[in-house]
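The values are calculated or read from the model by the stated rules, or taken from the named source; none is laboratory data. Values in this document were obtained by computation on a predicted structure and should not be read as measured data. Here the Cβ positions follow ideal geometry from the backbone for every residue, glycine too, while neighbour counts run over all protein chains shown. All accessible areas refer to the heavy atoms of the entire protein, side chains included, with ligands and DNA or RNA removed. Shrake-Rupley method; radii C 1.70, N 1.55, O 1.52, S 1.80 Å.
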Amino acid sequence: MVLSRRVSWFLLAFGVWSWFVWITFVKNLWEDSSGLAFDDAGDPTGYFWIHLLLAITSFLLGTAIGSIGLRGLRAARRG
């Protein structure tokens with residue numbers, strides 16, 4: 001399968017954007033003082049664990065999608 005440059009750039013940008021957004025979210029989640037992420041004793045809540053799992057999944061998918069875009073750009077450069 002051959003990807004166009006436009007599609008390759010889109011996939012790479014999507015991967016970078018995914019990392020940027022979820023790193024910001026995890027930082028905010030970790031520093032949460034509203035009581036959603038951590039209870040009064042300082043223990044993580046279900047909200048914390050679910051959103052951490054979502055962030056990890058998004059990091060993995062963002063990496064995979066971004067690497068496909070990068071490979072498409074490298075292939076377009078050679079071809």
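Find all pairs meeting these conditions: Cβ atoms under 7 angstrom apart; at least six residues apart or on different chains; first residue within the stretch 31-44 and hydrophobic (A, V, I, L, M, F, W, C); second residue open to solvent by less than 70 Å² (accessible area, probe 1.4 Å) and not in a loop (DSSP other than H, G, I, E, B).
If the second residue must be open to solvent by less than 70 Å² (accessible area, probe 1.4 Å) and not in a loop (DSSP other than H, G, I, E, B), the pairs left are A37/L29; A37/P44; A37/F48; F38/P44; F38/F48.
Can you find even one residue in the stretch 32-40 that is buried (at least 16 other Cβ atoms within 10 Å of the Cβ) and part of a helix (DSSP H, G or I)?
Checking the stretch 32-40: not a single residue is buried (at least 16 other Cβ atoms within 10 Å of the Cβ) and part of a helix (DSSP H, G or I).
State yes or no: is L53 under 30 Å from S4 (Cα atoms), within 19 Å of the chain's Cα centre (by Cα) and free of Cβ contacts under 8 Å to residues at least 24 places away in the same chain? Steps first, please.
On the way: under 30 Å from S4 (Cα atoms): no; within 19 Å of the chain's Cα centre (by Cα): yes; free of Cβ contacts under 8 Å to residues at least 24 places away in the same chain: yes.
Here the answer is no, as L53 does not meet what is asked.
Which is open to solvent by 90 Å² or more (accessible area, probe 1.4 Å) and among the aliphatic types (A, V, I, L, M), of L53, L3?
L53
Need the failing condition index for A76 against (1) modelled with pLDDT under 95; (2) hydrophobic (A, V, I, L, M, F, W, C); (3) exposed (fewer than 15 other Cβ atoms within 10 Å of the Cβ), just the number.
(3)
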